[in-house]
Amino acid sequence: MSKNTKPDNLEREIAALPDALKAAHVPDESKTVILARYVHGVTESSWNEAAREYQLSKWHARETDEQSKELGDGPDELPISPFRDVAGALTKNMFDKQLRREVLRLNRNGGSLTLISLAIADRKRLNTALGEATVERLENLLGSTILKRLEDCDSLGFLRKRQYICSLPGLGQLAARNFAEKIKNDFEDAARPFFPTGGISAGHGANCAIGIVNVPQGESGTVPDLLKRAKTALELALNKDKTLIYQEGAFSPLENPTLVQSSEKRFLFFGGDTE
């Protein structure tokens with residue numbers, strides 16, 4: 001560990017910051033960046049208290065998600081940030097906090113919410129044909145592909161190692177299916193250059209599995225329960241041979257040709273009690 005990461009050496013860097021900012025300044029007020037660094041030996045609470053005492057109102061501290069680091073959730077090339085304002089994938093801790101806010105909004109104001117979990121399909125086959133490093137690049141590519149489809153109200157995070165999750169407020173069942181299919185097609189197109197004609201073949205190229213959990217108007221749920229459902233939906237999607245898309249619910253538009261529930265079908269076609 002470099003001695004420059006110690007708190008007692010941080011003062012020198014902060015003192016040099018004004019000159020560095022002046023040298024880097026470009027006369028464009030519309031541009032804004034967040035400058036960040038890791039400081040070992042400083043806690044979030046101790047820094048925020050010191051910042052208040054020394055009137056550093058615009059300097060904030062955010063704890064890193066050590067658990068995500070240990071799991072290796074974050075790909076090397078995809079932008080990952082503990083800050084909600086940065087366009088990229090949120091750390092697991094920050095995504096959970098963001099999802100908790102969305103659930104609170106549902107409880108207060110109603111509305112709908114969709115969680116979409118995604119992962120590279122048939123990873124073992126791709127790893128054998130292309131190698132681990134190339135498959136990791138494909139996982140980065142999947143994350144970048146998802147980001148391009150998200151709007152400002154949406155969030156991207158990590159469900160667990162090598163698996164992404166999106167929070168999409170206001171998205172219903174049909175819109176969720178459309179979103180999932182677009183991501184799937186986008187990723188297939190983007191991954192095609194990884195499979196040149198001739199040479200090593202990985203079969204049908206790269207694809208992604210997608211699990212969809214819908215929380216419709218009038219319903220809610222806890223964050224742990226929603227995340228558990230998202231994991232289950234993705235596992236089921238990974239085991240679907242053709243579509244690789246699984247949408248939670250026995251009568252979802254992804255699983256059946258109509259929205260008629262099974263009990264209603266029994267009544268319509270066979271007669272008798274729907275119970």
Restricting attention to the stretch 92-107, which residues are closer than 12 Å to residue 166 by Cβ and either open to solvent by 10 Å² or more (accessible area, probe 1.4 Å) or among the aromatic types (Phe, Trp, Tyr) (or both)?
95, 98, 102
Tell me which residues, restricted to the stretch 40-98, are modelled with pLDDT under 80, within 14 Å of the chain's Cα centre (by Cα) and not β-branched (Val, Ile, Thr).
68, 73, 74, 75, 78, 79, 81, 82, 83, 84, 87, 88
Does at least one position in the stretch 180-193 carry a residue that is open to solvent by less than 80 Å² (accessible area, probe 1.4 Å), modelled with pLDDT of 90 or more and assigned to a strand (DSSP E or B)?
no
Of the listed residues (22, 31), the one being modelled with pLDDT under 75, open to solvent by 100 Å² or more (accessible area, probe 1.4 Å) and either over 29 Å from the mean Cα position of the chain (by Cα) or closer than 24 Å to residue 88 by Cα (or both) is 31
Please give the number of the condition residue 161 fails out of (1) farther than 25 Å from residue 177 by Cβ; (2) surrounded by 15 or more Cβ atoms within 10 Å (Cβ to Cβ).
(2)
For residue 110, only one of the following conditions fails: (1) at negative phi; (2) surrounded by fewer than 16 Cβ atoms within 10 Å (Cβ to Cβ). What is its number?
(1)
Report, ordered by the first and then the second residue, all pairs with beta carbons closer than 8 Å, sequence separation of six or more or different chains, a first member in the stretch 90-119 that is within 16 Å of residue 217 (Cα to Cα), and a second member that is basic (Lys, Arg) and open to solvent by 20 Å² or more (accessible area, probe 1.4 Å).
111/105; 115/229
Please determine, by comparing only the residues of the stretch 143-153 that are open to solvent by 20 Å² or more (accessible area, probe 1.4 Å) and in contact (Cβ under 8 Å) with a residue 12 or more places away in the chain, which one is farthest from residue 206 (Cα to Cα).
153
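Only residues that are in a helix (DSSP H, G or I) and either surrounded by fewer than 21 Cβ atoms within 10 Å (Cβ to Cβ) or in contact with a Lys or Arg (Cβ under 6 Å, 6 or more places away or on another chain) (or both): list them for the stretch 117-137, please.
Across the stretch 117-137, the qualifying residues are 123, 124, 125, 127, 128, 129, 130, 132, 133, 134, 136, 137.
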Which one of these is among the β-branched types (Val, Ile, Thr), more than 19 Å from the chain's Cα centre (by Cα) and either at pLDDT 90 or above or surrounded by fewer than 12 Cβ atoms within 10 Å (Cβ to Cβ) (or both): 258, 232?
258
Among (1) out of contact with any Lys or Arg (no Cβ under 8 Å at 6 or more places or on another chain); (2) of a type in the set (S, T, N, Q); (3) open to solvent by less than 10 Å² (accessible area, probe 1.4 Å), the one test that residue 140 misses:
(3)
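The values are calculated or read from the model by the stated rules, or taken from the named source; none is laboratory data. Please read these numbers as outputs of a predicted model, since none were measured by experiment. Cβ sites come from the backbone with ideal geometry, for glycine too, and all protein chains shown count toward neighbours. The protein model used for the area step is the full one, side chains on, heavy atoms only, and it has no ligands, DNA or RNA in it. Shrake-Rupley method; radii C 1.70, N 1.55, O 1.52, S 1.80 Å.
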